[in-house]
Amino acid sequence: MSPGSWMEELEARLNQQLESFLRANPQQEALLAGQAQRDRQQRLLHERLKLRQEAELQRQGLLRLAGEIRQWQERSERARGAGAEELAARAEAHITTLMEQGRNRWQTLAELGERFAAVERELAELTAAPTPPAPGRSGERVADGMAELEQDWRRFEAQQELEALRRRNQS
């Protein structure tokens with residue numbers, strides 16, 4: 001028996017046991033699916049935060065680069081004005097290099113924007129799809145409890161608005 005095959009056999013046996021357990025306990029399968037959905041959401045939120053931070057670094061780099069380009073353009077003009085053509089040409093070459101770096105940063109920023117939009121779409125899809133409730137009576141109880149909570153919340157908000165109106169009318 002090769003080292004890889006016993007591991008594969010063990011993995012297959014564990015998968016069979018898990019599937020058998022989940023068939024016997026459907027509420028656990030719903031809990032597992034809900035946890036997987038929450039884990040995915042956490043991963044996406046973390047990725048979104050990292051993308052924002054990376055984009056901010058790119059923006060700051062672009063601003064620094066723009067300042068540097070302006071500085072070298074002024075230097076180039078001063079050199080030309082003073083007749084130092086060779087120095088002005090070297091400054092122009094440096095400006096070209098800086099501008100290429102700027103184009104690369106813009107491209108990176110655009111790619112970050114695309115990745116950010118993709119993460120936002122995934123998050124929207126994830127939040128639009130409700131977490132699967134446990135099947136059977138417990139799922140119905142959760143749905144009933146949620147409906148009752150919504151109704152109580154609407155009642156509370158209406159009561160708050162009425163009290164605010166009364167206070168305004170008394171003033």
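Bear in mind these aren't lab numbers, they're just calculated from the coordinates by the rules spelled out. Every value quoted in this text rests on a predicted model; they were computed, and no experiment measured them.
The table below gives the values:
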| quantity | calculated |
| --- | --- |
| Under Karplus coefficients 6.51, -1.76 and 1.60, residue-wise ³J(HN,Hα) of the stretch 85-96 in Hz, glycine/proline x | 5, 5, 5, 5, 5, 5, 5, 4, 4, 5, 4, 4 |
| Structure-derived P(r) over Cα pairs in 10 Å bins from 0, in percent - corresponding label in (1) 11, 40, 36, 11, 2, 0; (2) 8, 15, 15, 16, 16, 12, 9, 7, 1; (3) 7, 17, 13, 9, 7, 6, 6, 6, 12, 13, 4, 0 | (2) |
| Translational diffusion of the stretch 1-93, µm² s⁻¹ [Kirkwood Rh, Cα pairs; Stokes-Einstein; 4 °C; 1.567 mPa s] | 66 |
| For the stretch 39-118, radius of gyration divided by Kirkwood radius, i.e. Rg to Rh on alpha-carbons | 1.26 |
| Euclidean distance of C-alpha centroids, the stretch 61-122 and the stretch 147-171, integer Å | 57 |
| Residue-by-residue Karplus 3J(HN,Hα) for the stretch 24-39, coefficients 6.51, -1.76, 1.60, Hz, glycine and proline x | 6, 10, x, 5, 5, 5, 5, 5, 5, 5, x, 5, 4, 5, 5, 4 |
| Mean residue ellipticity (222 nm) of the chain, computed from DSSP H runs ≥ 4 via -39,500 (n - 2.57), nearest 500 | -33500 deg cm²/dmol |
| Hz values of 3J(HN,Hα) by residue in the stretch 64-70 - Karplus curve (6.51, -1.76, 1.60), Gly and Pro given as x | 4, 5, 4, x, 5, 4, 4 |
